[in-house]
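See below for the structure under consideration.
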Amino acid sequence: MGLSELLTTYGDVYLTALLTTWKMTAVSYVGAMVLALVVTVMRVSPIRPLRVVGDLYVQVFRNIPGVSLVIIIVYALPVLKVVLDYGPSVVIACVLLGSAFGSENFMSGINTIGVGQIEAARSLGMGFVQIQRQVVIPQALRSAVLPMTNLLIAVMLTTALGSQVPLSPNELTGAVSYINTRSTGGILAFAISALGYVLTAVVIGFVGNRIDKRVRIVR
Amino acid sequence: MATEETSIQLPVIELDHVNKHYGDLHVLRDVSLSVEKGEVVVVIGPSGSGKSTLCRTINRLETIDDGRILIEGRPLPEEGRDLAAVRAEIGMVFQSFNLFAHKSILDNVTMGPVEVLGRPRKEAEAEAMELLRRVGVAEQAQKVPAQLSGGQRQRVAIARSLAMHPKAMLFDEPTSALDPEMINEVLDVMVELARQGMTMVVVTHEMNFARRVSDRVVFMADGQIVEEGSPAEFFDHPQSQRARDFLDSIKGH
């Protein structure tokens with residue numbers, strides 16, 4: 001099958017797949033960011049059990065292959081009577097993985113804030129929550145823009161896990177399998193999907209750079 | 001009335017047989033010190049003598065192993081809201097300024113009053129501008145710390161502490177990170193504060209400041225207070241060999 005034939009036959013499949021990838025990426029990323037923030041606050045909290053749980057969380061989900069995680073969620077959780085739809089299962093896997101890496105990004109953002117600023121906030125009489133809200137989180141967020149941009153791209157690529165389960169509609173990688181089981185698109189069928197990933201990543205990278213330049217903290 | 005009178009007589013800061021270790025290192029050895037209201041106490045001594053640690057224990061940025069620290073007669077709380085409330089009443093100026101890098105100069109000064117004291121922002125800003133004028137950096141109010149010189153930053157840090165209307169101020173080597181030409185602009189602000197009756201504990205290597213401004217000089221070595229006295233007594237007639245050696249060593253150049 002040539003390029004024009006692929007596009008005329010499966011153009012709408014690719015388009016739907018691209019939109020699906022975007023949607024899954026957006027939902028996963030928002031979830032991952034929120035969870036990463038929560039986990040990070042746990043990891044820097046003065047309460048030891050919270051710190052331990054936070055660290056453990058990151059160690060676990062940073063070190064599990066995405067495919068294994070999806071298999072666990074889709075095939076193992078039902079044993080525990082937790083049955084999730086395929087779509088949400090993939091998104092949850094992306095959120096768990098993404099939040100572990102996201103928390104690491106926040107932590108390195110926090111480490112760029114000198115302990116001195118935190119001591120200064122303490123000596124003004126600010127409590128833990130105030131220091132987090134006023135001093136730590138705003139700076140950690142601003143210095144984490146570039147790594148978080150990379151994470152957004154990584155999360156997008158992770159949504160390709162959707163190809164391992166029956167999704168409807170398919171995301172970009174799943175669409176390739178779908179097309180290749182019906183026609184012989186070969187490498188070209190994949191190249192079209194790859195282009196979708198690459199162009200999206202280029203745009204994300206560009207926007208991320210712009211945001212970073214605007215919010216970067218001069219030291 | 002009676003309670004008010006007694007509280008005036010109590011020392012603002014009192015350390016009572018304070019000990020602290022870092023592992024095997026005994027950094028504070030049985031340190032006792034009391035600072036009266038309006039008094040300016042300068043702490044000097046060779047590096048590693050424990051003077052910064054001493055300063056930092058007073059608002060519990062450093063914990064202590066045993067002994068007591070009293071603020072206006074009340075024991076320093078160990079943690080939580082009570083500790084935060086005491087910290088809010090004691091200003092602290094650091095060697096490395098420690099301004100909030102992401103906030104404007106004005107916001108650095110208003111953060112304490114707005115967030116901790118719950119003052120209305122407008123009111124806090126008006127007072128912050130007044131304080132910035134007092135320390136001579138009002139024109140910089142809208143800039144961020146990185147755009148200011150070291151001397152300007154340290155003056156902002158002093159204004160940030162003053163905005164809390166502290167009962168006492170701690171200075172932990174406030175001029176040690178400054179280029180020589182900027183030291184005086186910071187010392188001038190401190191002299192002015194001392195003149196206005198602020199209770200101050202100043203850890204410093206500025207011997208002229210100690211001699212001119214302080215009411216009492218405390219000399220520390222190896223975690224102990226070796227000697228204390230009026231600046232004239234201390235500088236002209238040091239009692240201990242350690243103090244004589246120290247003064248000789250800084251006279252050398």
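The values are calculated or read from the model by the stated rules, or taken from the named source; none is laboratory data. A quick note: this is a predicted structure, and the numbers were derived from the prediction, not measured. Neighbour counts run over all protein chains shown; Cβ positions are idealised from the backbone, glycine included. The area values use the complete protein model at the heavy-atom level, side chains included, leaving out ligands, DNA and RNA. Shrake-Rupley method; radii C 1.70, N 1.55, O 1.52, S 1.80 Å.
Things to note:
- When residues in the range B:125-156 are screened for being in a helix (DSSP H, G or I), open to solvent by 50 Å² or more (accessible area, probe 1.4 Å) and within 13 Å of another protein chain (Cβ to nearest Cβ), 2 of them pass.
- Residue count for the range A:97-111, restricted to those that are without any contact (Cβ under 8 Å) to a residue 60 or more places away in the chain and either open to solvent by less than 60 Å² (accessible area, probe 1.4 Å) or within 11 Å of another protein chain (Cβ to nearest Cβ) (or both): 2
- Criterion: modelled with pLDDT of 95 or more, farther than 21 Å from A:I131 by Cβ, open to solvent by 30 Å² or more (accessible area, probe 1.4 Å) and more than 10 Å from chain A (Cβ to nearest Cβ) - qualifying residue of B:I71, B:I64: B:I64
- Search result, residues across the range B:64-97 that are of a type in the set (V, I, T) and under 25 Å from B:L117 (Cα atoms): B:I69, B:I71, B:V86, B:I90, B:V93
- Hits in the range A:72-82 - residues which are out of contact with any Ser or Thr (no Cβ under 7 Å at 6 or more places or on another chain), part of a helix (DSSP H, G or I) and not small (G, A, S): A:I72, A:Y75, A:L77, A:P78, A:V79, A:L80
For (1) farther than 20 Å from A:G114 by Cβ; (2) more than 20 Å from the chain's Cα centre (by Cα); (3) away from chain A (no Cβ under 14 Å); (4) among the hydrophobic types (A, V, I, L, M, F, W, C), each residue gets a yes or a no:
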{"site": "B:G91", "(1), (2), (3), (4)": "no, no, no, no"}
{"site": "B:K103", "(1), (2), (3), (4)": "no, yes, no, no"}
{"site": "B:E115", "(1), (2), (3), (4)": "no, yes, no, no"}
{"site": "B:I158", "(1), (2), (3), (4)": "no, no, no, yes"}
{"site": "B:P166", "(1), (2), (3), (4)": "yes, no, no, no"}
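- Checking B:L76 against (1) open to solvent by 30 Å² or more (accessible area, probe 1.4 Å); (2) under 13 Å from B:I90 (Cα atoms), the condition it does not meet: (1)
- Considering residues of the range A:161-219 that are assigned to a loop (DSSP other than H, G, I, E, B) and under 15 Å from A:L18 (Cβ atoms) only, the residue least open to solvent (accessible area, probe 1.4 Å): A:E171
- Out of B:E227, B:E233, B:E206, sole residue that is within 15 Å of the chain's Cα centre (by Cα) and closer than 30 Å to B:I71 by Cα: B:E206
- Checking A:S108, A:S89 one by one, the residue that is in contact with a helix residue (DSSP H, G or I) (Cβ under 9 Å, 6 or more places away or on another chain), among the hydroxyl-bearing types (S, T, Y) and within 30 Å of B:S96 (Cα to Cα) is A:S108 and no other.
- Residue check, A:I47 open to solvent by 70 Å² or more (accessible area, probe 1.4 Å) and under 24 Å from A:A175 (Cα atoms): no
- Among residues of the range A:37-61, those that are aliphatic (A, V, I, L, M) and farther than 11 Å from A:F106 by Cα, counted: 8
- Residue that is nearest to A:E104 (Cα to Cα), among those in the range A:65-76 that are without any contact (Cβ under 8 Å) to a residue 60 or more places away in the chain and loosely packed, with under 15 Cβ neighbours inside 10 Å: A:P65
- Flag for B:A85 being facing chain A (nearest Cβ under 7 Å) and open to solvent by 30 Å² or more (accessible area, probe 1.4 Å): yes
- Being more than 7 Å from every other protein chain (Cβ to nearest Cβ) and among the charged types (D, E, K, R) holds for only one residue in A:R142, A:R133, A:R122, and it is A:R133.
- Members of the range B:168-187 that are within 13 Å of chain A (Cβ to nearest Cβ) and open to solvent by 20 Å² or more (accessible area, probe 1.4 Å): B:E173, B:A177
- Filter result for the condition that a residue is at the interface with another protein chain (Cβ under 9 Å from one of its Cβ atoms) and either within 19 Å of the chain's Cα centre (by Cα) or closer than 30 Å to A:L141 by Cβ (or both), over B:G80, B:G38: B:G80
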